[in-house]
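The values are calculated or read from the model by the stated rules, or taken from the named source; none is laboratory data. Bear in mind that the values here come from a model prediction, so they are computed numbers and not experimental data. Neighbour counts run over all protein chains shown; Cβ positions are idealised from the backbone, glycine included. For accessibility, only protein heavy atoms count, side chains too; no ligands or nucleic acids. Shrake-Rupley method; radii C 1.70, N 1.55, O 1.52, S 1.80 Å.
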Amino acid sequence: MLHCVLMNHSKKKPLHKKRPNAKNAVVYEDPTFPMRINKYLAWKKHSTRRGADEMIEKGQVLLNGKRAALGDKVTETDVIEVRFRVKPKPYVYFAYHKPRGIVTHSPVRGERDIKSQVKMSDVFPVGRLDKDSSGLVILTNDGRITDRLLSPRYDHEKEYLVTTKNPLRSSFQAKMEAGVQIEDEMTAPCRVKILDDRTFQVILTEGKKHQIRRMCVALFQEVDTLERLRVMNIELGALAPNSHRKITGDELKKFLELLDLA
């Protein structure tokens, strides 16, 4: 039996770390106590919140020497013990090329999702890529990366190649890069490279639902094709549609470092 004791001695240890970029300095956010025990275990990079709940239900987590219960709150002076009865599965990470016409997950009748295409039961897609779009999707069994990769507060880059049905207006690049008003919210500034009169690449650091399509509509452009080329340092490259490759070595090391998980 493996036994791990987690103690919180510092009030200054950051809950989240925001990586520096060209415009922003590193920003730290202090943890807020008391916090739910499953959130605490996820913060300590010990498990996902769902995984922590499962361990709590199995009696594998002790709070100050007593069996923890779902919903327990942790303070800065509490001692949390985790007892493993089996060795945890190692984390795995894959780059998958989602074809157009495949939904990321939760298919309705007649639709096909990534799970039906990739025969790996223990991984899930991080984030969404809509049915009419194609390109890179990260698959993993590591629930720790979901918030760190998807939350706009971390400024993680995602790059897309977009073609439009109508020629791009002369003001398109400047307006797109400055941020676009979508209903009651303004998108964050982004970087745009015009490739020809109907094609551009865009780098975003946020991921609102159908964001690029909605930005284009707001600027009187209609998207024809949209492909995700890159997520942080993970590139789609020459990966064939509906195929996947394992992320390993230096590529994985850098990916986890950027997520502050290395």
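Using the structure shown, decide if Gly179 is open to solvent by 20 Å² or more (accessible area, probe 1.4 Å) and of a type in the set (Gly, Ala, Ser). In short, no.
Any residue that is of a type in the set (S, T, N, Q), more than 18 Å from the chain's Cα centre (by Cα) and farther than 27 Å from Met35 by Cα - is there at least one of those in the range 119-128? Yes, there is a match, as at least one residue in the range 119-128 is of a type in the set (S, T, N, Q), more than 18 Å from the chain's Cα centre (by Cα) and farther than 27 Å from Met35 by Cα. In this structure, is Lys45 under 22 Å from Leu261 (Cα atoms), modelled with pLDDT under 85 and in a loop (DSSP other than H, G, I, E, B)? When the stated conditions are applied, Lys45 passes them.
Just one of (1) open to solvent by 60 Å² or more (accessible area, probe 1.4 Å); (2) β-branched (Val, Ile, Thr); (3) in a helix (DSSP H, G or I) fails for Ile194. It is (3). Would you be able to say whether some residue in the range 10-28 is at pLDDT 90 or above and open to solvent by 70 Å² or more (accessible area, probe 1.4 Å)? No - not one qualifying residue is present in the range 10-28. Screening Cys216 on (1) in contact with an Asp or Glu (Cβ under 9 Å, 6 or more places away or on another chain); (2) in a helix (DSSP H, G or I); (3) modelled with pLDDT under 95 shows it passes everything except condition (3).
Filtering Arg228, Arg245 for residues that are outside any loop (DSSP other than H, G, I, E, B), surrounded by 19 or more Cβ atoms within 10 Å (Cβ to Cβ), modelled with pLDDT of 95 or more and of a type in the set (Lys, Arg) leaves a single hit, Arg228.
Filtering the range 103-126 to residues that are touching a residue at least 12 places away in the same chain (Cβ under 8 Å) and not hydroxyl-bearing (Ser, Thr, Tyr) leaves Val103, His105, Glu111, Ile114, Gln117, Val118, Met120, Asp122, Val123, Phe124, Pro125, Val126.
Please tell me if Arg169 is among the basic types (Lys, Arg), over 24 Å from Leu239 (Cα atoms) and in contact (Cβ under 8 Å) with a residue 60 or more places away in the chain. Here the answer is no, as Arg169 does not meet what is asked.
All told, Phe220 falls short of being surrounded by 16 or more Cβ atoms within 10 Å (Cβ to Cβ) and among the aromatic types (Phe, Trp, Tyr).
The set of residues in the range 231-242 that are under 15 Å from the mean Cα position of the chain (by Cα), touching a residue at least 40 places away in the same chain (Cβ under 8 Å) and either part of a loop (DSSP other than H, G, I, E, B) or more than 20 Å from Arg128 (Cα to Cα) (or both) contains only Met232.
Counting only residues that are open to solvent by less than 50 Å² (accessible area, probe 1.4 Å), among the charged types (D, E, K, R) and over 12 Å from the mean Cα position of the chain (by Cα), how many does the range 151-172 have? Residues flagged as open to solvent by less than 50 Å² (accessible area, probe 1.4 Å), among the charged types (D, E, K, R) and over 12 Å from the mean Cα position of the chain (by Cα) within the range 151-172 amount to 1.
Looking only at the range 112-149, how many residues end up being open to solvent by 60 Å² or more (accessible area, probe 1.4 Å) and either small (Gly, Ala, Ser) or more than 16 Å from Ala95 (Cα to Cα) (or both)? So the answer is 5.
Screening the candidates Thr225, Thr199, Thr205, Thr187 for the property of being among the hydroxyl-bearing types (Ser, Thr, Tyr) and under 14 Å from Ser133 (Cβ atoms) yields one hit, Thr225.
Those residues that are within 28 Å of Thr164 (Cα to Cα) and out of contact with any Phe, Trp or Tyr (no Cβ under 9 Å at 6 or more places or on another chain), I need them from the range 232-262; list them, please. Of everything in the range 232-262, those that are within 28 Å of Thr164 (Cα to Cα) and out of contact with any Phe, Trp or Tyr (no Cβ under 9 Å at 6 or more places or on another chain) turn out to be Glu235, Leu236, Gly237, Ala238, Ala240, Pro241.
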